[in-house]
Structures are given as structure tokens and as C-alpha cells.
Amino acid sequence: MFRATWKSLLARKVRLILSGLAVVLGVMFVSGAFVLTDTLGRSFDQVFADAYEGIDVNVAAEPKVTLGEMEGEPVGAPVPAALVEKVRAVPGVAEATGVVAADGARLIGSNGKVVTSFGPPQLGENWLGESDLVTLREGREPRADDEIVVNAALAQAAKVKVGDRVGVLTLEPKKEFTLVGVFGYSGDRDSIGGANEIAFTTPVAQRLMLGEPDVFTNINVTAADGVADETLRDDVARALGAGFQVKTGEQMSADAAEGLKEGLSFFNKVLLGFAAVALLVGTFLILNTFSIIVAQRTRELALMRAIGASGRQIIGSVVLEAVAVGLIASVLGLAAGIGVGALLAYLFGKLAGGLSLAGLGVPAAAVIGAFAVGLVITMIAALLPALRAARIPPIAAMQDVATPDRPLTKVTVGGAVVTAIGAALLFLGLSGNAGDNTLATILGGVLFAFIGVALLTPLISRPVVSLLGAVFAWSVPGKLGRLNSGRNPRRTAITAAALMVGIALVTGVTVILDSAKGSLSALVEDRIKAELVISGAQSGPRPPSFDPAVLEQAARIPGVQLVDGEYGDMASIDGQRTWVGASSNVAALERMFGAKAVAGDISRLGPEEMLVSSDTAKSRNVSVGSQVTVQLSRGEARTYTVSGIYESSQLTNPAVLPPQATKDFAVPQPIQGFVQLAPGARVADVQPQLERLLADSPEVSVADRDAFIKQQTSQVDTLLTMIQILLALAIVIAVLGIINTLALSVLERTRELGLLRAIGLRRAQTMRMITVEAVVISIFGALLGVVVGTGLGAAVVEALKDEGITDLILPWGQMAVFLGLAAIIGVIAAVLPAVRAARINVLGAIAHD
């Protein structure tokens, strides 16, 4: 039986390779995700080990507001300069050095634009001199207040050299400095982890990066000879008392790397999610392949039964073929995943500013995941055909037609039940009643919905395919292709379902994101009464900002009626993290943003007062007159009295503080500005004058309302493009499914095709017949995908109404593109099977059994 199975496998290697490709692509995603995160994780371990090299113990103050990994970048509390001497006096301390190292120093390059960073920090520091890690490559150290040195990576990115006058943005507006030196790192590195670094004299670094003199971000401590780092850490911690974080250099390195690895784990889950989609589509493909192969081998398997093979041996034969396909696909998928993981790690390193990658790693999870997924998916997909093969009676060997159509009752009832379960899970998840399992419940609902629709598809495939095929029924090949595409509802349904999954996900995501964009655009158009907006595109953890003096100057421009600058920060309100805002002109809340008062007065705000949204008031159980304690990123906690409550909306902050509070914000400068013109004033007259005022703020620009809306929604377009690219893999696998189905169908109909050729069907007509069959199946799958995706997207939009997505927008243009793309996919998928059908030897085909 083993020899018979092996010979059967070799006889069908081409068609099994096609189905195996689906597993290869899915496994590639799984193993590639693990290889990527392992390589980057070890790279960051090395980066932070280098960054904290030479530091025995580090002292830092507890941050005022503790933030989660996805909530932004925490601002460290300042350490008083007097504390350096206190640490230096601790027994076992050889040296204690005050360090300024804070994110937010942006260099303006030779082209007049700010050098940006997509992830790595842009550090402003005090120059501490050369060391084993840092060495000057050109020039000298900064000595005067208007002198700086930068690392080599930043000098190259900005295209600046020693002697140049350059602009730097910090907590204060643009300042001019002379570049007097360029430094690098041991190992001939231009940067550590892609960070851009600017070093000032200590007093300047304290003023520009921390906002006050005589403070540091941390203290580096060197242990005396013979003193263990852990011992010195404990001694320093006891001497300082509570309120400080005292760690060894190894702890600092491990903690910093762990924070980044949390972000990598999220990225890993995203990639694994797309791998799951690819494998789901691949399951349909493999199921179809083995179903067709079993149908074609009916007489062969029946003869085996007739000569004594048991049903268990028949199952073992089919499963053995599946194991062989899964094993080979897993090996190839693992190899491809290693290559893809290495490529993505290389690209990430380049985007991160030249991150030095550790050696390529293949973790055990990648290997185990590759073989577990590859083998399990293939065996699950082959199980049903194997059970069907075991039920073939020996008498079938004497029949010409061994696989008559079976009724669709069972599969239809099963599909209805599975679809109902999927709908129930989706309702539970989208209604917010699933608790901590909301995401898992929604994903489970989507999975059950797809499987349920796939099971129901045979019921509708024949009438729908017949209707779609009517477009091509004007010719004999078109009529034949139309009939062929509907002759086996199960086969057509599974083939179409593979394409349906990819198209449905793309359509659903497009509906959700387009609805979000449309809702935001409509809200801005309806509520914001500003003709011009000052803003910039955020490329890192810090939002772009500009000089507050611009607001006062803008208010004096002829034709300007109202100007408002918006500030923002993550704060702790009564111990709970909340985003807070501040306005330079509180009256703009009503006059410019259309906010409506629910209680109290929201048109004014005293220095000890604050406003809150209705949602915040409800969740915090506060009312007008309530006192709340607010801790901002800097400074001490302060108590404010709630003087007004306004109706919540997407355009308003959860809480609004007085403008005096902005000095303690992480970014104490406005991050957006809104300008309302007087009646009769023209945007074309005012905009150039505003742009001149922002000459020293190259991170931001002035845009009219339409351009501002496009800027705010551009990130949604980028996200949609990324999702469409990743989901394209599922569509590629679906194309393989159509090719496989047609190729096997051509082989199955060899005698039929020979007879058609014998009675006059020409080669070109044969190719057109196969092409029509492919196009009809492909459009059917895309149509299913568009309908299912629209339904899923509409359900999500309905569930998110309270979150501000109020307008359901259906992307009719993209839906039409998907259907047109499906027709093209059908034509491409038909090429190889059509050529093969056209080349069939007529006499040999008629004699084929």
C-alpha cells in the first residue's frame, strides 16, 4: 500500500506542488515573522548593551506620568544637580556624573528641513567628553553656549559639516548654533540604534531639553574597584530613599530592550494574523485539490478495495500523500520565511537609521511553527476527501461514472449553523459584551462567518454562475464554459471561496477605513470654523510644534478674526491616565469648534480651573465645582476646579487646562493652530503672511481646511495600502487555486475534450471555453467577497457609531475594480490549463479512460 501511495504521489506531483505552494506561502509568513522578531530583538539587545556600556549604576527620578508602550514616550522627571554630590559621597562610588539626555532635539538640515526619525530618538545631550564608547572624529568639543557637536549619522543625514551655522528645535523655538565637532562610536559606528544625537554645553542642554537650570535627567555612577554593581546599586538606593529608580547598567539595557520587544511582539501578531488568512485560503485550495484527485481516482481506489485494501488503508493512503505535501511545503516555507525575515530585518534596519543587525537567527518557534502549521493544515484539508475515499465501494470499479452529484442538504444546513454561530460571535464582540475577549470573539466570528458562507456557497453557485456566464453565452465556447463552471457546485464553491476570503477582507477594511475618513471629514467640515490650519505630519513619538509667538503675530494680520493654538499632553487625573489639551484662546472651543456647554461656563477659564467633556465627567463622576488633581509630564501635581462641562465629540479633548499649564506639558509649544478669517477676508491673502511667520518652524505648514483634512486622513490611506499589499498574498493563493482546479478539471475531462475537438471545436475555441470557465468562477468569488466584506464592514461601522464613525461609506469604485481585477485574474489563471487543453491529442483523448 505504501508503494502504491508513493507511485500515486509521483504521478501527480505537478498538481500537488500547486496545492503545496499555498502552504509554502502561509508557512513563509509564520516562520518569517518569528525570524524577523528574533533578529530584531537580539539586535536591540546589542544596541542597548552598547548604549549602557561603562555604566555601573544609573540614578533617575520616577517619571511624573507613567505611560504604557503604546501611549507615547514618558518624560523623565528632573534630578536636582545637588544630588550628584550626594551620590558621589556614597561609599563605593568612584565617580558620579550628571547627564542630560532627552528626546526632542531636531536638527534643521542644509535643505532647510528638519531631519526626521521614524522610531529612534532624537536626543539632546550635554557633552561629557570622549570615552571608550564615544570619540570625536572631526573638530572639537562645544565650549560656548552657541556651539554643538552631533553624531556622524546625523551630520550625514543633514548634510552639514564642521563650521556650519545650523538651526535646532527643542523645548524652545529655533536656535542657531555653530557645529564645531562630529563624533562617532567604537566599532566605527555612526550611530547607536539609529539615534540622532546633538550635544550642547551642560547649561544650554539643561535649559533647552529640560526647561530649567541645575537639573539632570539621570546620574551615571562608576563603582570603585572591587565593588559589585548590585551592591553599589543597593547602597545608592538606600542613601537616596524613595522617588528614584536606581538600576545597574545591565538592568537599564534589559529594560530598554524589553520595551521595544513589546512593540515587536505586536508586529509579530499582525504578521501571524496575515499568515492565518493565507493558510485559511490555502486550506480551501488543498481541500479542493484532494477532493478532485480522489474523484479522479475513484476506479483506482475501488480496485484497491476490491483486491483487499481496507477503508483504513485507503484513508492512510490519502493522508500519507497529504503528509508528504505538507512536509515538503513546510521545508520550502521555512526556507522562504528565513529569507523574507532577513530581508524585512534589513529594511527595518535601514528605515531605523542604520540599525546594526545581529546575526540572522532562526528560533525554535520558527521551525516548530513551520512544520506544525504546514503539516496540520494539509492534513486537516485532506481529511474529508480521505474519509470520502474510504467509503468508495468496490463495485465502483466497474462503473463509468463513479461520483454522481450528492444532495446539498447536509452542507447547506451545516453552513447555516456555522454562519449563525459566526454572526452571534460578531454581534457579541462588536457590542462590547465580550469583556477582555473582544478581539478574539470578533476574529472567531469572522472565521466562522467565512467558513459558513463557504459551506452555503454550493447552494447558490449554480444559479449565480449561470447568470454571470450568460454574459459570455453569445458563442459556443462561452456556452460550454458557462455550463462547465456550474456543473460541479461544490468544486466551484470551494474555488470561489478561496478568492472570496481575500476580497472580503480587503473590502471590509476599505469600508471601515473609508467610513472613518468620511466621518472625520464631515465632522471637520461641519464643526471647525477655521479657514486655515497650522500643523505638520507626525513621523515619530513627538508631534511637530511651533513658536507660540506665531499665534500673537497671526492675530495681528489684517483679515484674521480669531486665532487658537492647541496643546496636548498625557496626564494623570486623580490617578488615571488621560489625554488633556490646552487652548491659547479658550473661547475658540465654542466659536471655532462648535462645542456645546452641558453645564457651567465653557467660554472662559481661570488659571486654577479646567473644563471636561461630558464623557469624562460621567466616567470620573465629576461635576461643575468638583476639584481634581492633575499631574502633567513636568512639574508638581496641581488641583483644578471643574468650571464647565462640554458635549463630547471627536474634535474635543477629554479635558482642557488653562494656557498657564502648558509650561509643564511634555511639548510646551502648540502642536496645531487654527485661524478663523473675518467676513470678506480671502485665504489667498492671509496664507502667505502666515507662512512667513513660520519660517523658523519648518516642521509645520499652513493649509486650508481641505488640505488639512487630507493631511489628517493620509495615515489611513497608508494603513489601507499596507493591508491591501499583505492581503494580496491571499489573492495570489486563490489564483493558484483556480489554476489548480482548472488543470485538474482539464485532466478529468480529457475524453470529453477529445470528443469536442473531434466534432469540430478548434484549439482557439477550446482555450476560450476554459478561459470563460475561469473568469466566471473568479468573478463569482469576487462578488461573494464584495458582498460578505461589505456586510462585515457595515457591521463594524454600526458598532463604532459611538466612537465617531457615523457615516457608512461604500467604496463603489473599488468594488468595481475588484470585480474587474477578478476577471483579469480569471484570464491569467486560465492560461496554463487552456494551453494544455488545446494541445490535447484528439485520438489519444478519445481513447483515454
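Observations on the model:
- Measuring nothing but alpha carbons in the chain and taking Rh as the Kirkwood radius, the Rg to Rh ratio lands at 1.06.
- Selection from L455, G187, N268 lying farthest towards where the dipole of the chain points positive, charges on Cβ: L455
- Once the Cβ-Cβ distance of D704 and R137 is raised to the sixth power relative to R0 = 51 Å, the FRET efficiency obtained is 0.65.
- About the centre of its Cα atoms, the range 101-216 shows a dipole size close to 480 debye [charges on the beta carbon of Lys, Arg (+1) and Asp, Glu (-1) only; nearest 20 debye].
- Scalar couplings 3J(HN,Hα) for the range 770-777, obtained by applying the Karplus form with A = 6.51, B = -1.76, C = 1.60 to θ = phi - 60°, are 5, 5, 4, 4, 5, 5, 5, 4 Hz; x denotes Gly and Pro.
- Its relative contact order, with pairs defined as Cα atoms under 8 Å and 6+ residues apart, puts the chain at 16 percent.
- The calculated FRET efficiency for E590 paired with L383, based on their beta-carbon distance and R0 = 56 Å, is about 0.30.
- Note on the chain: dipole from Cβ charges, positive end direction compared against G502, A155, P121; the farthest Cα belongs to G502.
- Extreme residue, positive dipole direction of the chain, given options L327, L742, G581 (C-beta unit charges): L742
- With a Förster radius of 22 Å applied to the C-beta separation of R762 and A470, the computed FRET efficiency comes to 0.45.
- Amide H contacts for E138 (H built 1.01 Å from N in the peptide plane; partners 5 or more residues away or on another chain; cut-off under 5 Å): V182.
- Here the spin labels are modelled as points 7 Å beyond Cα on the Cα-Cβ line, and at D601 and I307 they lie 10.0 nm apart.
- Within the chain, helix-based [θ] at 222 nm, where runs of 4 or more DSSP H residues each add -39,500 (n - 2.57), nearest 500: -18500 deg cm²/dmol
- Across the chain, the longest piece that holds none of the chymotrypsin sites (Phe, Trp or Tyr not before Pro) lying in DSSP loops with up to 13 other C-beta atoms within 10 Å covers 475-849.
- Each residue of the range 500-517 was assigned a 3J(HN,Hα) from its phi angle through the Karplus curve 6.51 cos²θ - 1.76 cosθ + 1.60 (θ = phi - 60°); the sequence is 4, 4, x, 5, 5, 5, 4, 5, x, 5, 5, 4, 5, 5, 5, 5, 5, 4 Hz, with glycine and proline shown as x.
- Dipole magnitude of the chain about its Cα centre (Cβ charges: Lys, Arg +1; Asp, Glu -1), debye to nearest 20: 6260
- Principal-axis tilt of helix 476-486 within the chain, Cα atoms, nearest 10 degrees: 70
- Each residue of the range 627-639 is assigned a 3J(HN,Hα), and the resulting list reads 10, 10, 9, 10, 10, 8, 4, 10, x, 9, 4, 10, 9 Hz, derived from the Karplus form 6.51 cos²θ - 1.76 cosθ + 1.60 (θ = phi - 60°), x at Gly and Pro.
- Remark: the range 426-546 carries a charge dipole of roughly 720 debye about the Cα centre, counting +1 on each Lys and Arg Cβ and -1 on each Asp and Glu Cβ.
Computed from the coordinates by the stated procedures, all read-outs in this text should not be read as laboratory data. Only a predicted model underlies this, so the values are computations on that prediction, with no experimental measurement involved. Cβ coordinates were reconstructed from backbone atoms using ideal geometry, including for glycine residues, and neighbour counts include every protein chain displayed.
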